[in-house]
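The values are calculated or read from the model by the stated rules, or taken from the named source; none is laboratory data. Because the structure is a prediction, the values reported are computed rather than measured. In this analysis, Cβ positions are derived from the backbone assuming ideal geometry, glycine residues included, and neighbour counts consider all displayed protein chains. Note: areas computed on protein heavy atoms with side chains; ligands, DNA, RNA excluded. Shrake-Rupley method; radii C 1.70, N 1.55, O 1.52, S 1.80 Å.
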Amino acid sequence: MFNGPRRTVRLRTLTALLLTLAWLFPASPAVAAGATTPPFSVTAVARADFGLNVFPDQQLAGKGALTALRKLGTGLQQFPNLGPWSWLENRSKPSGGTDPVTLKHWGRILSSSGNQGLLIFSYDANPTFTGGGTPADARALTRYIVSHQLPITAMVIGSEEYGNWDFAANENPQKTAAYYGQRSDAIARAIHQVDPRMRVGVVFDPDHSPYALAWNQTVLRLTAPDINFVSFHLYPISQPLSNAALLRQIPQIIANETAYIKHQIEHNVPPALVGHIGLWVTEFNPYGPPTPQSMQPVYGAAWVESLLAWRAFGAQRVVVWSFDGQAHVSGPNYPLAPASASSYDLFALVGDGQAPEIPIDQLYPSGKAIGRLMQAIGSGATLSTWIGDGMFIGQLAGPHGLQACFVNQTDVSRQLTVNGQSVTVPAASFLVRSFSRPIRGIAGFTPAPYAKVASVAAYHPKAPNITDPPATAYPGEDFTLTGEGFGTRPGYVLLTQGQVQYGAPFNVYKVAIQSWSPRAVTIRLPDGYSGPALQPAASASLRIVTAGRMVTRKETFAVASPPTGNLAEQATAVYTSVYGSSARSRFLSGARLVGQTLTLTGQAFGSEPSLQSASCGGMNQNRLEIRDLTNNANYGYDGSGANCYGLSFQQWSNTRIVLTFGPGAPKPGDVLEILYWGAATDPFTINVVAANA
């Protein structure tokens with residue numbers, strides 16, 4: 001449900017998408033006049049594929065609404081688009097009063113307009129507002145729908161449950177993806193117990209952040225066997241564009257979003273179930289903060305292009321935001337109407353009668369354009385689509401003939417020859433023409449090779465997982481995250497402390513990745529090399545995001561102060577066979593000496609060994625040996641015929657050992673050899689140098 005300026009957060013996502021997926025739109029060679037120009041997509045469409053968001057307000061209850069709905073001609077309505085709403089008491093929690101349209105009344109509106117209903121199940125609150133929605137509530141609601149024969153054919157569980165703007169109204173005990181996924185799966189099963197034909201969807205986050213990836217990954221894995229679609233909302237453009245630029249960007253945005261959502265489904269859902277989960281765009285408007293263009297003819301072209309592009313790229317349903325628009329809000333992004341103290345009721349397909357708008361239930365140019373498109377679809381059609389050379393073309397072949405929609409994405413008038421007929425489309429506008437035979441050749445048209453995005457996704461039965469997260473770490477430290485499912489190609493590590501983020505492609509500050517393998521990722525914590533250093537005495541969190549856009553759960557660790565001293569830096573490992581062993585099992589992958597503190601990283605160190613008092617002081621154990629080759633000294637391991645010095649162990653985990661030297665600590669110029677006796681391994685050497693060397 002749209003509620004104002006929060007949609008502006010999509011700008012970062014849009015920019016990243018257009019940069020990273022530009023390969024979808026490469027330049028193409030010219031097509032000779034009269035040449036056959038194949039479409040990039042052919043798909044069946046029906047009016048029920050396209051819908052409107054409606055509200056239980058006085059306008060929907062009025063006599064003119066039904067006439068307006070029939071003129072628009074779409075076949076689907078989503079309702080009620082409020083906060084927590086009680087179908088039993090016919091009221092929303094924020095307002096307290098009853099609403100003009102009841103659930104039963106809406107059913108009559110659906111029947112009279114020939115529409116199907118998509119009902120938003122109130123996940124945030126049950127019908128008495130005493131807690132979150134439950135499976136029992138879902139069964140009772142579905143029984144009511146079935147017993148009253150309401151033409152409601154689909155339900156989505158909640159609305160934007162991933163967003164913190166929703167949390168205040170959410171009466172469930174937890175706001176996490178895991179809780180939503182578990183509860184939604186139970187609700188979906190409860191609905192299907194009553195009506196197996198009811199289509200049920202869950203809320204999908206269309207953002208591309210690690211948080212969104214984690215939400216979608218968790219919810220899909222918990223609900224896939226029992227749902228029929230994922231529901232997502234998109235208001236992608238956050239800054240006003242010229243008319244031509246608006247029309248050029250729309251297909252690119254839609255192509256990128258459908259590719260992203262398909263990728264998420266295919267990675268997280270077993271192959272046998274992928275085909276049963278549809279993509280439903282249950283709220284869409286090209287702009288986030290609306291502009292006066294939404295009431296101008298260009299928005300008619302934008303809607304024709306948007307609806308056809310969503311279906312061509314693979315969305316099963318597209319629901320327009322919205323029938324009678326947004327509340328009359330004011331602010332810098334919501335311009336006032338000329339000579340008026342009121343802002344436009346933007347995003348509307350029809351007027352609401354409030355000055356300075358057009359009369360109530362009269363169609364804006366956008367509404368008229370959608371109505372014209374629905375007439376062309378009629379009782380059903382086959383959609384063929386061409387995109388390129390500043391033009392979007394959609395041909396609709398139905399029982400009543402062939403009609404083509406031409407959208408000119410440029411700021412000049414365009415003339416094409418199609419099937420021998422001349423077609424002139426004014427700048428930044430659309431035109432519908434009838435043809436006696438299917439389009440075969442488009443003279444002078446240079447199509448972009450928009451193939452449907454080929455699936456490169458592979459199902460991952462298990463999500464990537466960090467098995468040995470760090471408990472503490474300090475700025476500048478190298479440490480290894482071990483686990484599984486990280487992939488062979490590097491992704492990125494998202495690191496967060498307070499409001500500062502590092503590591504993601506859209507972050508200014510980076511995280512240095514030292515190595516990447518399917519089971520281990522080594523990073524260096526920020527110490528000022530990119531952005532501010534991590535602050536000690538505060539926690540930080542991290543996630544690994546794979547190249548395939550799979551994400552681990554968030555791990556939190558304490559940030560410690562860096563060790564002090566005059567010794568530092570690690571050297572390259574030197575591999576030589578020792579004691580007749582030829583194995584090069586890399587249990588040790590890194591070492592860093594700062595002051596008197598040595599941090600070792602690697603894998604399979606196991607749990608902390610038993611420690612005994614060393615004969616030379618400190619602690620002794622039988623798994624790790626550190627030799628000072630310069631001074632013939634051993635540390636932490638009683639070696640025969642050598643000077644022995646004890647060690648103090650601060651941490652011993654499967655992937656990380658932190659220890660401190662006592663008396664006889666190494667000095668600059670010394671060469672240390674580290675041997676791990678947990679398995680046959682080659683030695684790891686460190687050249688000790690001064691900190692400022």
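Of note:
- Per residue, the average separation of C-alpha pairs within less than 8 Å and at least 6 apart gives region 123-199 a relative contact order of 43 percent.
- Rounded if a/c under 1.5, otherwise prolate or oblate - region 155-237, Cα gyration tensor axes: prolate
- Net lengthening on full extension, residue 427/residue 168 (0.36 nm per residue, minus Cα-Cα): 88.7 nm
- Set of lysines near residue 262 by C-alpha distance (under 29 Å), chain-local residues within fewer than 8 positions excluded: 175, 452, 462, 510, 554
- When the solvent-accessible area of region 342-416 is split by element, carbon and sulfur atoms take up 49 percent of it, the probe being 1.4 Å.
- Rounded if a/c under 1.5, otherwise prolate or oblate - region 345-389, Cα gyration tensor axes: oblate
- Rounded accessible area of residue 442 (nearest 10 Å², 1.4 Å probe): 0
- Counting only heavy atoms of the protein chains and using a 1.4 Å probe, residue 104 has close to 100 Å² of accessible surface.
- Positive dipole terminus of region 347-444, leading residue within 430, 386, 443 (C-beta point charges): 443
- The candidates 541, 517, arranged from most to least accessible area with a 1.4 Å probe in the full protein assembly, appear as 517, 541.
- Solvent exposure of region 56-202 as accessible area per residue, Å², 1.4 Å probe: 39
- Nonlocal amide H pairs with residue 132, under 5 Å, H built at 1.01 Å: 126, 172
- Nearest-10 value in Å² for the accessible area of residue 324, using the 1.4 Å probe: 10
- A straight line joining the Cα centroids of region 179-235 and region 255-290 runs 12 Å.
- Whether region 174-284 is rounded, prolate or oblate, judged on the alpha carbon gyration tensor where a/c under 1.5 counts as rounded: prolate
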